[in-house]
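Contents: one structure, followed by commentary.
Bear in mind that the values in this text are calculations on the coordinates, not laboratory data. Fair warning: this is a prediction, and the values are worked out from it, not measured in the lab. Using ideal geometry, Cβ is built from the backbone for each residue, glycine included, and neighbour counts are taken over all protein chains shown.
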Amino acid sequence: MDHVDVKRLFFEHFSSLKHKKLPDVPLIPPEHDTSSLFINSGMQPLKPLFMGLQKPPASRLYNSQKCVRTGDIDDVGDNKHLTFFFMLGNWSIGDYGVTEAAQFAYDLLVKKYGMNKNKLWATVFKGDKKLGLGRDDNMFAAWQKIGIPRERIFLADAEEVFWVSGKTGPCGPTSEMHYDFGASKGCGKKSCNPTCDCGRFMEIWNPCVQISYNRNAAGKLTSLKLKSIDAGAGFERIVGVLQGTNDVFTTTIFKPLIQQIEKLSSKNYTHNKKAMRIVADHVRASTFIAGEGVTPARKDQGYVLRRIIRRMVRYSKQLGIDRSGIKQLVRFVIDDFKKEYPYLQRNSKQIAGIIGNEYDNFNKTLEKGSRLLAQLMQTTKGKTLRGVDVFHLYDTYGFPMELTRELAAEKGFKIDENGYEREFAKHREVSKKGQSKKFVSGLADHSEMVIKYHTVNHMLLSALQKVLGPKVTQKGSNLTAERLRFDFNWGEKMTPEQLKKSEDIVNKWIKQDVPVTMEEMSVADAKKAGAQGVFTHKYGAKVKVYTIKGISKEICLGPHVNKTGVLGQFKIVKEKSSSAGVRRIKAVLE
């Protein structure tokens, strides 16, 4: 069965069961969701619905959601792990329970997809004293009622089958469906079960996540009034099972991309599985992440993107694929997904620029850094590299700690991760002290002209988001009485038309003489109100939120003008590159 048909049948199945389809959302979570850097499941955007904070569009929902899971980056290279993947999801919000959810999943797998029912196993929560919860007898009974025999229902502990959405938030016991590829594919142990990582079993669906509790910061569980079900199926894994392979990279989803990698490298997949799997997954992940305006950086989403691209570069070089080859692979991914995700085509130049720039930056230091690492391993007594040396590789050569760990492990070395973290903390403290000597919020002083430039700085950000897209964020600013200097994430030179449009929008807002108001509130309330914030980690319990009505709402120390009409004529005088993936605008008020 082709992967296109797998998704189509999923949609048809849940539509026939009176579920409403939801749209796929961006990979970057909204500001109020700090539980993860990326959307990592189909239900993550729906947490407010499960918590009863928002009214759902229907009590039964389904969709296909693109996801990124950063914890799996080091595992990519085997037959099943992916950094970037698609989750097929269906949800009950105060509607049906585990019995119906299990039946819906079983019927689709066995009756619609034609999967061998004798190959299906289920895991059930066995209870946990620390959580104060007993065995999930309702779930156990549901699987037996459907027809899965007792010997294929495995009782698992909380680490395996108790779902949490983050450090805090909704949680509850879950149940997974696993496909058994047979004892010959596994470890051969009698104790082998679905939680064994030997390769015999593959988790394909999590059809019964019971969103029954809320976990607070202290780890205490409280029962939710609204009981719901979250079900997530791994699209790529289901396709693999239906196509008779436990290697997702040999499915129709990945096969064309793998063939392109084989062509560019003049090597075959059979003898280069790990490298080709990593390049295939990472080029998809980096294309989609860069497509949403993320640029390589030293923290947050930008750090993940940098790490993915640099790992991809390392393995592409092993295969003999150069910069132009990577560019062709990025184009291949865009062409493959442009109908379903047209923004990839619209942002294709930006995507190519971001990935190409990072390739160049890393390429300059890869040889030197690799040579230094080899020297460190030769001169190190024992098999553990010092944290200070690992940090030096990161700070000087741009080697993410995880990459150094991976390279070192290939030679039998470990790294002192605690020592690395100590060096990183020292560096961060020095940077903070240095920043304290600079302009507060980028302002040289609180003179009348500097205050005007501060206000128009907010307006310029909003204008750029209108012209280039909502993922544009401020990367820094410097304001004096003579000019504004504004840095923002963008992977290519702005066109004259884009600059003119941005300038015109700001001048239109100035002429409208819009009032500027300020309100003090908590950071949480500011985020709920939709306020943007660049340096929120510097703020205390209360923050100032400046609103330019209908234009901008930002957490800011101020000060600002009272009305936009006093600003004068805004003019962009220069736009250039500031650093990889970051552009700089210089503008004046006349």
Quiz item: Where in region 328-369 is the amide nitrogen less than 20 Å from a point lying 7 Å along the Cα-to-Cβ axis of residue 497?
Solution: 342-353
Quiz item: Roughly speaking, what is the stretch gain from residue 74 to residue 167, that is 0.36 nm per residue apart minus the C-alpha to C-alpha distance, in nm to one decimal?
Solution: 31.3 nm
Quiz item: Want the number for residue 519 to residue 263: 0.36 nm per residue separation, take away the alpha-carbon distance, what's left?
Solution: 86.2 nm
Quiz item: Using 1/(1 + (r/R0)^6) with R0 = 56 angstrom and r between the beta carbons of residue 34 and residue 5, what's the FRET efficiency to the nearest 0.05?
Solution: 0.90
Self-check item: Projected label distance in nm at residue 368 and residue 339, using a 7 Å step from Cα toward the beta-carbon
Solution: 4.7 nm
Quiz item: Which one of 110, 133, 283 is farthest out on the positive end of the charge dipole of the chain, using unit charges on Cβ (Lys, Arg +1; Asp, Glu -1) and the Cα centre as origin?
Solution: 283
Self-check item: Contour minus Cα-Cα distance for residue 157 and residue 216 (0.36 nm per residue)
Solution: 19.1 nm
Quiz item: Rounded to the nearest whole Å³, what is the per residue volume of the convex hull around the Cα atoms of region 140-219?
Solution: 109 Å³
Quiz item: When N counts the residues of region 448-589, how does its alpha-carbon radius of gyration compare numerically with 2.2 N^0.38 Å, as a ratio?
Solution: 1.00
Quiz prompt | MRE, 222 nm, helices only [DSSP H, n ≥ 4, -39500 (n - 2.57), over the chain, to nearest 500] | solution = -12500 deg cm²/dmol
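Using a Förster distance of 30 angstrom, determine the FRET efficiency expected from the C-beta separation of residue 378 and residue 303, and round it to 0.05.
E between residue 378 and residue 303, to the nearest 0.05, is 0.55.
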Practice problem: For region 254-364, just say rounded, prolate or oblate: build the C-alpha gyration tensor, square-root its eigenvalues into a ≥ b ≥ c, call rounded for a/c under 1.5, and beyond that prolate if a/b exceeds b/c, oblate if not. | Solution: oblate
Self-check item: Dipole of the chain, positive direction: furthest Cα of 486, 296, 187, with charges on the beta-carbon
Solution: 486
Exercise. In whole Å, largest first, what are the principal axis extents of the Cα atoms in the chain?
Key: 78, 60, 45
Practice problem: Treat each spin label as a single point 7 Å out from the Cα along the C-beta direction, and report the residue 53 to residue 15 distance in nm. | Solution: 3.2 nm
Self-check item: Where labels lie 7 Å past Cα in the beta-carbon direction, separation of residue 128 and residue 274 in nm
Solution: 3.3 nm
Quiz prompt | Signed unit charges on C-beta, dipole axis of the chain, positive-most listed residue 378, 25, 164 | solution = 378
Exercise. Mind scanning 263/327; 126/167; 452/549; 21/55; 267/317; 111/339 and naming the pairs with a C-alpha gap bigger than 18 Å?
Key: 126/167; 111/339
Quiz item: If you take the beta carbon distance between residue 466 and residue 409 as r and set R0 to 41 Å, what does 1/(1 + (r/R0)^6) give as a FRET efficiency, to the nearest 0.05?
Solution: 0.30
